[in-house]
Structures are given as structure tokens and as C-alpha cells.
Amino acid sequence: MVKINENYLKLQNSYLFSTIAKKVADFQEKHPDKKVIKLGIGDVTLPIIPAVVKAMHQAVDEMGEKESFRGYGPEQGYDFLREKIVEWDYKKRGISIEKEEIFVSDGAKCDTGNFQELFDTNNTIAITDPVYPVYLDSNVMAGRTGKFHDKTQKFDKVVYMPVTEENGFIPELPKEKVDLIYLCLPNNPTGTVLSKGELKKWVDYAKENKALILFDAAYEAFIVEKDVPHSIYEIEGAKEVAIEFKSFSKTAGFTGIRCAYTVVPKEIQINGISLNQLWNRRQCTKFNGVPYVTQRGAEAVYTEEGQKQIGENIDYYRENARIIREGLEKAGYTVYGGINAPYIWLKVPTGLTSWEFFDKLLEEKNIVGTPGSGFGPSGEGYFRLTAFGSRESTIEAMERIQ
Ligand code: MLT
């Protein structure tokens, strides 16, 4: 008799952003006349930049000609893109990464969700609390989390590292022995960052404890402060203990196009087994590569013109973040993040839970955000707004709140 993977039954009924989308759809059905402003899921609103549009058009034309048509591409990504990534994202920053260490994919969500497949189900994971739900859910599906306790809202085999106002949103090194450590910096959802010195402690910890850091740098392009690393490989020794996930979604507006990459350094050996080779094996079996047209679009980001254009878009979202931060502060809220990240993390008014605040904001102000508790128990009492909306709707949202 066929049996399901019972680990799936330990998941919350629905994925956080699907729950929110459903609540918003129900509200709109009841109130079709209301103009709802969506600052919930971190989805970009500016169109893709002209340099990318041009490159993708050209690539489509190539695909329509017998001489330049391409079928299956390399599972790891085309060399033309991998070489540009090496050059622009690493070499220009003084980091040495080889082309073969780059794996182009269709999203950091998929890669951060899939990477855990390479590890034993008895490995212990450490996550910040709150956290981007994919890291936890993918480990729940794999059976690496143990039992869920309703009272604490925690799994008993997971090490939760709280990031709250009390510790300045800086996670403490785990006291227990952990194997896989997920870090997202700049952080989703709190919008906070670690300095080089702080990140070095994690690299040292991983080395001493034979742990592996899964470093999600999807929001790296938003960093403005000097001492904040753009890549974990800026830290000495990180190539022995860290995988890095990067995405074109938030940097170049690719949420709908889908392109990202993961760096798996050749130095990482676990019991003499190369993780680079293992991930390559996994990708060749389960993934057929990112479309040629998409990769040509991503390549166009790595030109002077492309960098200038994405820079303008990122500045636009940064300005939205400033408008939200200052607007909320003016309205009396305590606000974090939004400086090196597109997320603003605010404290909900006393007496309300995160979900109650969500409902209140939706019903009374017709604004959608993300309840902090959706990211983990320590997110209770907080709320996330994204800077990825349009300028007009961002300003209007702040006027409504004020
Ligand atoms: C978020 O809102 O946290 C992100 O957009 C989700 C994602 O990138 O998958």
C-alpha cells in the first residue's frame, strides 16, 4: 500500500505567503471596492531593466534560427554566465571563486530548500528565530526536525537562535552541537546585518565544530554600510565551511523570470567527499538547467549599463524603505531594518498579536504586511513590511497608517 511521507503532516497547513494571499483574496472578494496595498511578500514591482530586455529579445531571436538554436543547456549553467558571476560578484571584490564552483539555478528558494538533501537526516540544523520559512519547512519534509510542540511552537530537534530586540537581532552562537547552520544576511525578515567581525565568529565556529554554514545572500545588493560583508567569502576560511546562495530576484527584478546561483566551493570536503561533486550529481539528476534566454538576460546585468540600471532600481526601493521607516517612526512605531535591506521590521502595538495586527491593518487600512510570528515564535509581536511596492502605494500606505 502506498504510504505518504508523514513528515509533511508536521508542516503548518499552508505556506506563510500562501496563507496571506488567501486572506487577502477573501478580503477583496468581500470588499471589491477597497484598494488594497500589498507590502507583504517581497515581490518586486519595477519592470526588468532595458539591458536585460534587449539581451533576452536577442536570445529569443537566436532560438528562432536553425544556426543558433540551443536545446538542453548545461545543468550547472552556461559558461558565459558563470564567468561573469565569477568576475563581477567575486573577483572584483578580491574573492577567488572558480567557474566550476558556481551552479546557476531557477531560484534561491529552490536551492536553499533542496541543499539539505545532501545531508544525513540525523544532522542537527540551527536556524535563527524568526527565519525565512523555507529553511525550516524543507528540513521538516526531510524528517530532520523531530516533534512539534504546540506550546512552544518549536520542533524538538531544531536549534532556534532567537533574534530579537533584546540581542539587537544578532544571533548567538549555538551552545549545543549543530551541523547545518542557516544564516540569511542581510536578514529576511528583520532587515538586520552582521559586521565582518561578527560573521567571522560564525565561520570560526563552523570550522571548530565541523559544521556547515548555508549562507543566503539574496539581499546583498541592498547593503550600504561599509563594514557589512557582501559575501561570506570575504571572511578568511569561509570557503572551507560555507555555501553561498545568491539571487537575481531582488537585485535585478527576476522574481518572475527566475534565475539565481549557488556557490559550492571545491574546498568543502565532508569525510573526504566533495560537496561540489555531490551537488553537481544532484543537479544533473533532478534539474535541467535555467533557460538560455533567461541566462542571457542575467548575463546582461553584468555590464556597465546593466549595473547602472539595476542600481537605479535598488535606489528606488531603498527610498521606499526610508519612506516606510520614517513614516512608521512618525506614527509612533518602533522600527528596525530597512537600511541595508528591503524589509522593515516593526513592533506591533502592545496588546495585539502579529496576526491580530495583520487583520487590523488589512481591515481598517487595507494594507497587507507579514506577521512576524509567521517566521517563528520569536517573531511574535513583530510585523514585516516590504520596500518593493511602488512609490505611490508606499507613500499612500504611510499616509493611511499615520
Ligand atoms: C519574502 O517575502 O520573504 C520573499 O519574497 C520570499 C521569497 O523570496 O521566496
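The values are calculated or read from the model by the stated rules, or taken from the named source; none is laboratory data. From a predicted model like this one, the values you see are computed outputs, not experimental measurements. We place every Cβ from the backbone using ideal geometry, glycine too, and count neighbours over all the protein chains shown. Calculation scope for accessible area: heavy atoms of the full protein, side chains included, ligands and nucleic acids excluded. Shrake-Rupley method; radii C 1.70, N 1.55, O 1.52, S 1.80 Å.
For the chain, the relative contact order comes to 23 percent (Cα pairs under 8 Å, sequence separation of at least 6). Per residue, the accessible area of the chain comes to 46 Å² when a 1.4 Å probe rolls over the protein heavy atoms.
Rounded if a/c is under 1.5, else prolate if a/b is larger than b/c, else oblate: which is the stretch 54-302, with a ≥ b ≥ c the root eigenvalues of its Cα gyration tensor? Could you put the intermediate results ahead of the total?
Values: a/c = 1.80, a/b = 1.60, b/c = 1.12.
It comes out prolate by the Cα gyration axes.
Pairs with C-alpha atoms separated by more than 30 Å, drawn from the list Lys22/Lys154; Lys22/Lys201; Lys66/Lys308; Lys210/Lys308, are Lys22/Lys201; Lys66/Lys308; Lys210/Lys308. Backbone geometry of the stretch 106-112 corresponds, through the Karplus equation with coefficients 6.51, -1.76 and 1.60 at θ = phi - 60°, to 3J(HN,Hα) couplings of 9, x, 6, 4, 5, 5, 5 Hz, x marking Gly and Pro. Accessible area per residue was computed with a 1.4 Å probe on protein heavy atoms; His31 scores about 60 Å². Available extension along the chain between Ile270 and Asp315 is 12.1 nm, counting 0.36 nm per residue and deducting the alpha carbon span. Specify whether the C-alpha gyration tensor of the stretch 158-238 places it in the rounded, prolate or oblate class, a ≥ b ≥ c being the square roots of the eigenvalues: rounded for a/c under 1.5, otherwise prolate if a/b is larger than b/c and oblate if not. Oblate, since a/c reaches 1.5 and b/c is not below a/b. Tell me, what is the FRET efficiency for Asp150 and Thr350 to the nearest 0.05, using R0 = 25 angstrom and their Cβ-Cβ distance as r? E between Asp150 and Thr350, to the nearest 0.05, is 0.50. Quick one: pull the percentage of alpha-carbon pairs in the stretch 199-331 with a separation above 21 Å. Here the long-distance tail beyond 21 Å is 55 percent of all Cα pairs in the stretch 199-331. Candidate cross-link partners of Lys91 among the lysines, defined by an alpha-carbon separation under 18 Å and a same-chain spacing of 8 or more, comprise Lys99, Lys239, Lys246, Lys266. Electrostatic bookkeeping for Tyr343 treats Lys and Arg as +1 and Asp and Glu as -1; over the other residues with beta carbon under 11 Å from its beta carbon, the sum is +3. Taking every DSSP helix (H) stretch of at least 4 residues in the chain, weighting each as -39,500 (n - 2.57) and dividing the sum by the residue count yields a mean residue ellipticity at 222 nm of -10500 deg cm²/dmol. Surface composition of the stretch 54-302: carbon plus sulfur atoms hold 49% of the accessible area, using a 1.4 angstrom probe and ignoring ligands, DNA and RNA.
Summarising the amide proton neighbourhood of Val348: residues at separation of 5 or more, or on other chains, whose placed amide H is nearer than 5 Å comprise Tyr382, Phe383.
Relative contact order, whole percent, for the stretch 242-393 stands at 15, derived from Cα pairs under 8 Å and 6 or more residues apart.
Mind ordering 65-74, 269-278 by average Cβ neighbours within 10 Å, highest first?
269-278, 65-74
Given the pairs Lys3/Lys286; Lys10/Lys365; Lys109/Lys157; Lys38/Lys147; Lys23/Lys200; Lys151/Lys175, which are separated by over 32 angstrom at their Cα positions? In this structure, Lys10/Lys365; Lys38/Lys147; Lys23/Lys200 exceed 32 Å between Cα atoms. Is the shape of the stretch 1-143 best called rounded, prolate or oblate, per the rule: a/c under 1.5 gives rounded, else a/b larger than b/c gives prolate, else oblate, with a ≥ b ≥ c the square roots of the Cα gyration tensor eigenvalues? Oblate. Sorted largest first by accessible area at a 1.4 angstrom probe radius, with every protein chain in place, the residues Lys330, Lys151 fall in the order Lys151, Lys330.
For the stretch 155-297, the relative contact order works out to 16 percent when only alpha carbon pairs closer than 8 Å and six or more residues apart are counted.
The DSSP beta bridges internal to the chain are antiparallel in roughly 55% of cases.
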